[in-house]
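Since the structure comes first, as structure tokens, the remarks are kept for the end.
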Amino acid sequence: MVLPEWLAEPGLNHFLVVSAVLFSLGLLAVISRRNIIMVLMGIELILNSANLNFVAFSRYGLLSLDGHMIALFVIIIAAAEAAVALAIALNIYNQFGSVDVEQISELKE
Amino acid sequence: MQQFLESFLPAGPLVVFVFSIIPLMIILVYALFAIWLERKVAGHIQDRLGPMHTGGWHGWSQTIADLVKMIQKEDIVPAKADRFLFKMAPFIAFAASYAAFVAIPFSSGYIGSMIDVGIFYIVAITSLLSVSIIMAGWASNNKWSLLGAMRTAAQTVSYEVPTVVTILSVIIVTGTLNLMEVTEMQTGNAFLGFLPNWLIFHSPFMVIAFVLFFIASLAEAHRVPFDLPESESELVGGYQTEYSGMRWGLFMLTEYADMLLLSLVGATLFFGGWNSPFGSFMDGPVWGAFWMLLKGMILVFVMMWLRWTLPRLRVDQLMNVCWKYLIPLSFVNLVLIALWEMIF
Amino acid sequence: MDLFAVAFYVFAILIIGSAAIMVFSRNIVHSAFALMFTLAGVAVFYALLYAGFVAVTQLLVYVGGILVLILFGVMLTTRGYFEKVRTRTVNLVPSTIFAAIIGLMLIAVYVTTEWTLMPLEDGEVTLTGLGELLLTDFMLPFQVAGVLLLLCIIGAVLMAARTRHPHPPAGKSSQEGPGGPSYGEGTGRS
Amino acid sequence: MALESLIQLSLIILFLPLAGFLLLIFFGRRLPRQGDWLGTAMVSIAFAASLFILFTKLAVPESVSAGWTWATFGGIPGVGEVNIELGILIDNLSAIMLVVVLLISMLVHFFSMGYLKGDVRYSRYFAYLGLFTFSMLGIVLTHNLLMMYIFWELVGLSSYLLIGHWYEKKSASNAAMKAFIVNRIGDAGMFIGIMIIFVHFSTFSFDAIFGALSAGNLPFESQAWLTAAGILIFCGAIGKSAQFPLHVWLPDAMEGPTPVSALIHAATMVAAGVFMVARLFPLFTADALLVIAYIGAITALLAATIAITQYDIKKVLAWSTISQLGYMVMALGVGAYAAGFMHLVTHAAFKAGLFLGSGAVIFAMHAALHKQHDHDTDAQDIRNMGGLKSRMPVTYWTFLIFTLAISGIPLTSGFLSKDEILAGTLAFSTLNGHWLLPLIAFTVAGMTAFYMFRLLILTFHGKHARPERLPLVNEVPGVMGIPLMVLAALSLFVFYSFNPFGASSGWLFQALERPLSVVPDAVAPATWPVLYEAISRVHTLVMILSIVIAVAGLAFAWLVYQKKSFSADKMAAAMGPIYRGSKNKWYFDEMYEAVFVNGTLALTRISNWFDAHIIDGIVNGAGAVTLGVSRISGWIDNTFIDGLVNFLANFTGAIGMRLRKIQTGNIQTYVVFAVFGFLIITIVLLTL
């Protein structure tokens, strides 16, 4: 089996395409799912796709080690964000008895 | 090692395959031996003999018989369980445990991968274990399983902190995360001409670090006195309640592999890894593997010994020990070791 | 086709497939476990990109930390452990089309752009280099991140440990009529 | 021992009470015995060290000081380098004061162990005592004005805490607030004075200021400014040392525990003002000193007249404290520097003793009343006492010695210092013709003897008000009795001068050489040789006069209250308005209430009326005019402009009604919009 060259040698664009797909899937989760934790998971996907871009650019592009550093910081921030977001979700659940974002619309009125 | 294999094996992928299943062989043999050993240790500590009949000398083939029985058993999946996750969980658990062996230097000639983040990688990959346990507990669709799984996850996540901090304090001394380099640093006899150049003799605080590491690793391996997850008298076996046959066997294997893994990490970090205790006497790649496994087995033996010595902790005591004693102590110890390094 | 390419395609399929399962699965626990595979696959990608440290950090923080947190969150916010883990998905078709457009646009932009390439040599990335960067150029972010994490720990503990409002038991809400959310006491509705 | 090492030692002394305070405030309740031993031990060690400093320092004439830069402002245009220093200055003055403060503080600590046994905030009380001692030591040891001001305020704070120790009592918390606020008034003046000096000299250090002044560098080139600065700084002393007209806080401060009164009124807070005047003595011009002298004299007379008619045992002592402080201030004002400061030292001993003695009496009375289950009778009212002599011999005899000392009877320390003050005052009047000052001084001396013996006789002699209660009154425990005996011993003359009739040959007087004035000759007070010569002229006369007057006061009290030869009530009736005025403290509190409190209220009422009628009237008038104009323009507006606006509004509203549907309150919708907008922007950018 002989593959065309653009397929046989994965390069920068290949990683970018994967990250783009990841991003759109994450976006889909954020906008179509109603469970707040699903939204959170979608955000994690988006962050991962961004991170993948950073690391890919530092491998192939001009970012050098800075890309790794940024990716590390994104991971750290994501950890902090997840902790706080889940604490909020827990509080919301205690308050409303549900984590459905459509039902949590007290501020609308 | 890889070159050695390439010299008589024909194909490249085959070399990679053989190269990568060596730890699996070690684990399998070790597990058979360790389960038998545990029964014998238990027996002798409780003033009885343990298995005596199967096989010839001291029931040596008892575990093999058990294994055969286990393979023959029906693979039962509870009716309301989540079939897919239920079936997958033991494999992920064992994969997580097995993957960690990549970074263990079994001897000066064999290490799975010389990645420069070695010990960090081991810490990271074993955290998959808690996910797989939650998976098993949830998929079983059983109250006790879920409670056991939640306890395990909480316990593992908590005790990771003191483990990582004590490992960090060793890393301060070695200056590298690669376990092979850590081991190579400990070669030779440095102290007083006869004490081996092991890290545990490096400073008094290293002894404290080792004790903390050992306690935390007991909890990470879910051994008594921290075996809350499967505490059979309370949770009917915890997350393993619904498992039977070979899947249950995989969980047992994972547990024993974990014990060995943590013991090997402890041996590498504190007791010189594959280094011979007698300097250059009985040194070399093969002797190295012998020393490494011997040191690991001694620590495993201590773990078994503790099981029949100490009573189990309550779940709140378990968390208290971690957050109120181990973590503060390990941080203080970290600072002290750093100071020691700065001064000497 | 070398080992690198094989690994890339295998894990690309794993990442995208499990991400898709995560997004489309109705069972939120399945979504969470699918997320685990995505995250682990991304970690492998990092390793393929010579970013070993990032890969291991991803494993430790995401799989060992965030994912466990999410699983706890899922199990603590569903009534009854096993029955009601299914969640609603709304506007699936329009959102899918919308997300697909975005994805395609991103891909179009990525593919058509002429990137300036300057590939790293294998072995150019060392832990030492990262450590030095962390204590020189990235000192301030490092410190700030430390403070942020501390604040988050305190904040999350405070929020989660606050006295619980007695929320209605699982069975009761169905008696209050369909649709209407059951409010806990003290929400200020009078 | 090198003099420099005294600096280190003094720093240790300074921080020992602070360490005690910090330990007690954080861990006090967990320590055995609530940590009273800790605070006491800290102060005792500091006292021992201070004795060492005193003996080392007295052996050599020169003073020793050290400073550390605290903050530096660099060069400021037109001013030069400005550095703020912290520092220590040890000379004879501070060494003596150090011993006085720590001795009294130590004895009060010991006494408090008995007096406050079982108190709810026992350990906190000892912590505050430590803080108070620390603040006072800071004032004593500092070598600059800023640090003095800082510790000055700390004294204010800690006195607030101590006076309000029993803050559940409304009167106690009010008294604490009153002390704090009244002190603030004086401190404001002091702050302005310090700032006048700082603005000109750019330094706070005493040495630097005195040096610049003696080189002829006056603040703003004006003697008047120097006088003003002196008087303003003295305002601080007026507040702290309870001088007229800010004396009103001190009697109320009796609401604090009695040992606190002993500490505040004998050695720490009120002494701070006198100490400050002594410390800054070279700075004051003749005019400023005259003001100081008159303020002191007025205070002394005023307080003495009030003390005569009081019935509360602590109130009598409080007014006598004010009176004696007036004495000290007056002595400093007339230039009898050593006499004034010596009176501070001797007064510290016997006044602390008097307060502790009264504390012992109150303690015993309380216990007796408690046994009778009588909770209505006032344990502090001397009309409820009498005849305690037989039941409390130790307290009685020590109290007698203190009373003799404060009255100025020979062989006591009080005689020595009071005699010198009277001589200084009389000498001053012979030089300048201010004859009112000696007149007041002698009058007050007689009155002091009278009211103190009145107190003694009513409390200890005669019959007890309720004879059946007397057997229940018991002598206080040793931990309270021993401090009294120590203080009684210290009230005898031998500790200050071996000559019982002249202090000027004693070590204390010799050590307290009056510093040279640094102000220009034209406004400088009479120099010491001139004054000393005048004093030696009048000394014998003064001594005889003062003994005669003191004995006369004593005898009169004896006749009235012991022999009952004259009826006190009849005399009071005869004096009529004077008696009532005295009894009501000359209505100072009422006056302040009427003038300041009500005055402020009236002012606000007036300004309120002004606001409501005049300002509002103007505003309303302007409003009415504007209204008329706006009516016209309104019509134009309504018909033409509004037509256009309404059209726009309706149009926008119609669009808004449709658009607001997109504000669903659902985050996900917003995310979609955001990404959609991003999409459009990207497309636009790509196509361009």
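Here the stretch D:293-360 and the stretch D:155-200 have alpha carbon centers that stand 20 Å from each other.
The residues of the stretch D:639-683 have, on average, 77 Å² of accessible surface per residue, using a 1.4 Å probe with all protein chains present. Would you mind computing Rg(Cα) / (2.2 N^0.38 Å) for the stretch A:11-96, counting N as its residues? So the Cα radius of gyration is 1.26 times the expected 2.2 N^0.38 Å.
Summing +1 for each Lys or Arg and -1 for each Asp or Glu among the other residues whose beta-carbon sits under 13 angstrom from that of D:PRO251 gives +1.
Straight-line reach from B:LYS73: taking Cα to Cα under 18 Å and skipping same-chain neighbours fewer than 8 places apart, the lysines in range are B:LYS87.
For a straight C-alpha distance cut-off of 20 angstrom, the aspartates and glutamates reachable from D:LYS389 (same-chain residues fewer than eight places away being disregarded) are D:ASP312, D:ASP378, D:ASP381, D:GLU468, D:GLU475. Enter the angle in degrees (range 0 to 90, nearest 10) between the Cα long axis of helix D:170-201 and the first principal axis of the Cα atoms of chain D, meaning the one along which they spread out most. Compared with the principal axis, the helix lies near 80 degrees.
Spin-label model, B:VAL335/D:ALA574: points 7 Å from Cα along the beta carbon direction are separated by 7.9 nm. Applying the Karplus relation 6.51 cos²θ - 1.76 cosθ + 1.60 with θ = phi - 60° to the stretch D:122-127 yields 3J(HN,Hα) values of 4, 6, 5, 4, 5, 4 Hz, where x marks Gly and Pro. Annotation for the stretch D:573-604: trypsin sites (Lys or Arg not before Pro) lying in DSSP loop with at most 16 further Cβ atoms inside 10 Å of their Cβ do not exist.
Between the alpha-carbon centres of the stretch D:402-455 and the stretch D:544-610 there is a gap of 20 Å.
May I ask you to compute the full-extension gain from D:TRP635 to D:SER390, defined as 0.36 nm times their residue separation minus their alpha-carbon distance, rounded to one decimal in nm?
Working: separation 245, 0.36 × 245 = 88.20 nm, distance 9.97 nm.
Taking 0.36 nm per residue and subtracting the Cα distance, the gain is 78.2 nm.
Per residue of D:674-685, other chain Cβ atoms within 10 Å of the residue Cβ number 2 on average. In chain D the longest region clear of GluC sites (Glu not before Pro) that are loop-assigned by DSSP and have at most 15 other C-beta atoms within 10 Å covers D:169-512.
For the stretch B:308-314, the Karplus equation 6.51 cos²θ - 1.76 cosθ + 1.60, evaluated at θ = phi - 60°, returns couplings of 9, 10, 10, x, 6, 7, 6 Hz by residue, with Gly and Pro reported as x.
Averaging the sequence gap over all C-alpha pairs within less than 8 Å and six or more residues apart, then dividing by the number of residues, gives the stretch A:11-96 a relative contact order of 27 percent. Of D:LYS57/D:LYS178; D:LYS169/D:LYS315; D:LYS117/D:LYS418; D:LYS169/D:LYS418; D:LYS418/D:LYS463; B:LYS40/B:LYS143, which sit over 28 Å apart, Cα to Cα? The pairs that break the limit, which is 28 Å between Cα atoms, are D:LYS57/D:LYS178; D:LYS117/D:LYS418; D:LYS169/D:LYS418; D:LYS418/D:LYS463; B:LYS40/B:LYS143. Seen from D:SER63, the other residues with C-beta closer than 15 Å to its C-beta sum to a net charge of -2, counting Lys and Arg as +1 and Asp and Glu as -1. Amide hydrogen proximity for D:TRP70: with H placed 1.01 Å from N in the peptide plane, the residues at 5 or more positions away or on another chain lying under 5 Å are D:ILE84, D:GLU85, D:LEU86. In a DSSP loop and with at most 13 other Cβ atoms within 10 Å, the trypsin sites (Lys or Arg not before Pro) in the stretch D:425-513 are D:LYS463. Rounded to the nearest 10 degrees, the inclination of helix D:642-659 to the longest alpha-carbon principal axis of chain D is 90 degrees. Taking R0 as 22 Å, what FRET efficiency do you get between B:ASN197 and B:ILE343 from their Cβ-Cβ distance, rounded to the nearest 0.05? About 0.65, to the nearest 0.05. Distance between the modelled labels on B:TRP323 and D:HIS366, one decimal in nanometres: 4.6 nm (7 Å Cα→Cβ projection). Between the stretch D:511-534 and the stretch D:83-105, the C-alpha centres lie 23 angstrom from each other. Mean residue ellipticity, 222 nm, helices only, the protein assembly as shown: the sum of -39500 (n - 2.57) across DSSP H runs of n ≥ 4, divided by residue count and rounded to 500, is -22500 deg cm²/dmol. Loop-located chymotrypsin sites (Phe, Trp or Tyr not before Pro) across the stretch B:9-72 with a Cβ neighbour count of 16 or fewer within 10 Å are B:TRP60, with loop assigned by DSSP.
Across the stretch B:78-343, C-alpha contacts under 8 Å between residues 6 or more apart give a mean separation that, scaled by the residue count, equals a relative contact order of 26 percent.
Expressed per residue, the C-alpha convex hull volume of the protein assembly as shown stands at 320 Å³. Using a 1.4 Å probe over protein heavy atoms, the accessible area lost on pairing A with C, summed over both chains, comes to approximately 7800 Å².
Count Lys and Arg as plus one, Asp and Glu as minus one, and take only other residues whose Cβ is under 12 Å from that of D:PRO471; the net charge is then +3. Taking the C-alpha atoms only, the angle from helix B:285-307 to the longest principal axis of chain B is near 50 degrees. Can you give the longest stretch of chain B with no exposed loop site, where a site means trypsin sites (Lys or Arg not before Pro) in a DSSP loop (not H, G, I, E or B) with at most 14 other C-beta atoms within 10 Å? Answer - B:81-313. Taking a temperature of 37 °C and a viscosity of 0.692 mPa s, what whole-number D in µm²/s does Stokes-Einstein yield for chain D with Rh from Kirkwood over alpha carbon pairs? For these conditions, the coefficient is 116 µm²/s.
The values are calculated or read from the model by the stated rules, or taken from the named source; none is laboratory data. Just so it is clear, the model here is predicted, and its values are computed rather than measured. All Cβ positions, even for glycine, are placed from backbone atoms using ideal geometry, and neighbour counts span all protein chains on display. Surface accessibility is based on the protein's heavy atoms, side chains included, excluding ligands, DNA and RNA. Shrake-Rupley method; radii C 1.70, N 1.55, O 1.52, S 1.80 Å.
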